[in-house]
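Colleague: Following this message is one structure expressed as C-alpha cells.
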Amino acid sequence: MAVFQIPRTEFVPHPMGPSEGIIYEVRDLGEIETPFGRKHKVAVKVQSLDHTMDDDDGRPFSVQKMMNLSGHEASDLYKFRCSALKVSALTEDQIRDFADTELVGIRIGYVVEHTVSTKNGNTYANISTVWRLEDQKKGELILEPQAPPTPTEGSIPDAKNEEGLPF
C-alpha cells in the first residue's frame with residue numbers, strides 16, 4: 001500500500017474590490033447537489049488584468065462565478081450575460097441556447113467580495129458585480145482553459161468488461 005504525503009499550501013484568494021479582467025473559460029459543471037436540490041451549474045472564469053500572484057512567475061489571479069444554467073431573466077447567468085454583452089435583454093435565441101464562446105475573450109470590470117466558510121473557515125473570492133469594459137482590446141490573455149481531468153495510468157473509473165458493462 002502506498003502512502004502519499006500531501007503538501008500543505010497556503011491558498012491566497014483574489015484580492016477584494018474592483019478589478020478588470022478577461023473571461024477565459026466557461027465550464028459546464030454538470031448537475032451539482034445544492035441545498036435546493038440538484039442544479040445544473042456553469043462556471044465563468046476571469047483572469048485579472050490588475051492583480052498578479054506573489055509567486056516566481058507572476059501569474060495573474062483568477063476568479064470564477066458559479067451560476068445555475070438558466071435563461072430566466074432573474075437568474076444570475078442571465079444578468080451576468082447581459083452585463084458582459086452590454087445588452088438590456090437577451091434575444092429569444094440567447095435565452096434558449098448558451099454557447100461558451102459568447103463570453104470567452106470579453107473584457108469586463110468586476111467586484112470581488114470575500115466570504116469565509118462556516119464549514120471550514122476558508123476564505124473564498126466571489127464575483128458580486130460585472131460590467132463590460134469599453135476597451136475590448138485591453139490586456140493580454142495569459143491563462144488558458146484547463147482540460148477536463150483524464151484518468152491516470154492504473155486508475156479504472158470507467159472500466160468495463162467486454163460486453164461494455166461495468167465490472
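Colleague: Distances over 19 Å make up what percent of all Cα-Cα pairs in the stretch 17-132?
Modeller: The calculated P(r) of the stretch 17-132 puts 50 percent of pairs beyond 19 Å.
Colleague: In whole Hz, with x marking every Gly and Pro, tabulate ³J(HN,Hα) for the stretch 19-27 from phi via Karplus 6.51 cos²θ - 1.76 cosθ + 1.60, θ = phi - 60°.
Modeller: Per-residue couplings from phi come out as 7, 10, x, 10, 6, 10, 7, 10, 10 Hz.
Colleague: Considering only lysines 8 or more places apart in sequence, or on different chains, count the pairs in the chain whose C-alpha atoms sit under 25 Å apart.
Modeller: For the chain, the number of qualifying lysine pairs is 22.
Colleague: Measure off 7 Å from each Cα along the Cα-to-Cβ vector at Asn68 and Ile32, then give the distance between these two points in nanometres to one decimal.
Modeller: Between Asn68 and Ile32, the label points sit 1.4 nm apart.
Colleague: Here is a follow-up. Quickly work out the Lys79-to-Asp100 label distance, labels modelled 7 Å from Cα along the C-beta direction, and quote it in nm with one decimal.
Modeller: 2.5
Colleague: Residue by residue through the stretch 29-39, what is 3J(HN,Hα) from phi via Karplus (6.51 cos²θ - 1.76 cosθ + 1.60, θ = phi - 60°)? Round to whole Hz and write x for glycine and proline.
Modeller: 8, x, 7, 10, 6, 10, x, 10, x, 6, 10
Colleague: What FRET efficiency comes out for Thr91 versus Ile6 if R0 is 41 angstrom and r is the Cβ-Cβ distance? Round to the nearest 0.05.
Modeller: 0.30
Colleague: Can you order the peptides 13-23, 97-107 by their average number of other Cβ atoms within 10 Å per residue, highest first?
Modeller: Working: 13-23: 18.6, 97-107: 14.7.
Descending mean neighbour count gives 13-23, 97-107.
Colleague: What ³J(HN,Hα) values, in whole Hz, does the Karplus curve 6.51 cos²θ - 1.76 cosθ + 1.60 give for the stretch 105-122 when θ = phi - 60°, with x put for Gly and Pro?
Modeller: Values per residue, Gly and Pro as x: x, 6, 8, 10, x, 7, 10, 9, 10, 9, 10, 9, 5, 7, 6, 10, x, 6 Hz.
Colleague: Please give me the summed charge of the neighbours of Leu133: other residues whose Cβ is under 11 Å from its Cβ, Lys and Arg +1, Asp and Glu -1. Please list the in-between numbers first.
Modeller: Numbers: positive: Lys86, Arg107, Arg132, Lys137, Lys138; negative: Glu20, Glu134, Asp135.
With Lys, Arg at +1 and Asp, Glu at -1, the net is +2.
Colleague: Just from its helices, what would the mean residue ellipticity at 222 nm be for the chain, if runs of 4 or more DSSP H residues each count -39500 (n - 2.57) and the sum is divided by every residue, rounded to the nearest 500 deg cm²/dmol?
Modeller: So the calculated ellipticity at 222 nm is -2500 deg cm²/dmol.
Colleague: Here's a follow-up. Please give the Cα centre distance for the stretch 1-68 versus the stretch 89-128, rounded to the nearest Å.
Modeller: The two parts, judged by their Cα centres, are 11 Å apart.
Read the figures in this text as sums done on the coordinates, not as results from a lab. Quick caveat: nothing in here was measured; it's all calculated off a predicted structure. Here Cβ is always computed from backbone atoms with ideal geometry, including for glycine, and neighbour counts include all displayed protein chains.
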